[in-house]
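What follows is one structure encoded as C-alpha cells, with my remarks underneath.
The values are calculated or read from the model by the stated rules, or taken from the named source; none is laboratory data. In this text the structure is predicted, and so the values were computed from the model without any measurement. Don't worry about glycine lacking a Cβ; one is built from the backbone with ideal geometry, like all the others, and counts go over all protein chains shown.
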Amino acid sequence: MKTNRIVVVLLIIALGLLLAQTVTADDNASSLNPDETKMGMATNISATASPTEGSVPLTVQFRDASRASLYLVKWDFGDGYYAYIRNPTHTYTKTGNFDVYYTARNEYDTRITIKVATINVTNSPPVPVAIPTSGCAPLKVQFNGPSTDNTRSWAWNFGDGSPISALKNPGHTYNYPGTYNVRLTTCNSGGCRMNPDIVTITVFDPPVSKMVVNQTGCIPFVIQ
C-alpha cells in the first residue's frame with residue numbers, strides 16, 4: 001500500500017514538471033512574436049517597380065522580391081487604386097508623382113509597410129516636327145525632336161531603310177518618290193518609348209522638262 005502511494009506521488013511530480021516545461025516553451029515562443037519577429041521580417045521584405053517615370057498612360061510592373069513567407073500582400077499605387085497579388089501591373093492615367101507602398105503580413109499577423117518608389121508620370125510627348133512634309137525628289141527634310149527635361153536620347157527612323165539617327169534635330173534627304181512614315185523613340189531614366197504620333201513624308205517624282213531648243217537657226221532661236 002505504501003508502495004502504491006509512492007508511485008502516485010512520483011507520477012504527480014513528473015506530470016507537474018512536464019506542464020511547467022510546456023508553459024515555459026510557449027512563453028518563450030510568444031515573446032519572439034511582437035518585436036523580434038517583426039524585426040526579422042522587415043529585413044526580408046523588399047519590392048521593385050519599373051519603370052518609375054514616363055508619359056501618360058504609363059504602365060508599371062511591380063514585383064515582390066521578399067525572402068519571407070507572406071500570407072497577405074497589399075499594394076497601394078498612390079492614385080487611389082490597390083492590388084492584392086504578389087506581382088501586379090498598374091497603368092497610371094493621370095500625371096503627377098505617386099508614392100507606392102507595399103504591405104506584407106506573416107503567419108504571426110505581423111505587418112510591415114515599406115515605400116517602394118515614387119512614380120513620376122508626365123504629359124504625353126509633343127508631336128515631332130518635320131519641315132517640309134512633301135515635295136519633289138530629292139527632298140531634304142529638317143526634323144525637330146520634342147523633349148522634356150528628362151529626355152536623354154533620341155532615335156529617328158526615317159522609314160526609308162536608312163540608318164537610325166541619334167541626333168535630336170537631324171536633317172534627312174529622300175532621294176526617291178514614295179510615302180514614308182517617320183517614327184521617333186525617346187529615352188529617359190525610366191526607359192524608352194516610341195512617340196505615338198507618326199510623321200508622314202510624301203515625295204513626288206521630280207519635274208521633267210519637255211522644252212526643246214532649235215539650235216540651227218539664227219538669233220532669235222526658236223524654242224518649242
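Things worth noting here:
- So residue 178, is it buried (at least 16 other Cβ atoms within 10 Å of the Cβ) and not assigned by TED's automatic domain parsing to the domain that holds residue 69: no
- Taking the stretch 44-94 as the range and being within 18 Å of residue 125 (Cβ to Cβ) and surrounded by 14 or more Cβ atoms within 10 Å (Cβ to Cβ) as the test, the residues that pass are 51, 52, 53, 54, 55, 56, 58, 60, 92.
- Flag for residue 143 being of a type outside the set (D, E, K, R), at pLDDT 95 or above and closer than 27 Å to residue 64 by Cβ: no
- Neighbours by Cβ (under 9 Å, 6+ apart or cross-chain): first from the stretch 52-69, in contact (Cβ under 8 Å) with a residue 12 or more places away in the chain and under 19 Å from residue 101 (Cβ atoms); second aromatic (Phe, Trp, Tyr) and not in a strand (DSSP E or B): 60/77; 62/77
- Test: residue 101 is assigned to a strand (DSSP E or B), hydroxyl-bearing (Ser, Thr, Tyr) and not assigned by TED's automatic domain parsing to the domain that holds residue 193: yes
- Selection of the stretch 191-206 for residues being surrounded by 20 or more Cβ atoms within 10 Å (Cβ to Cβ) and outside any strand (DSSP E or B) yields only 195.
- Verdict on residue 133 being closer than 25 Å to residue 205 by Cβ and at pLDDT 95 or above: yes
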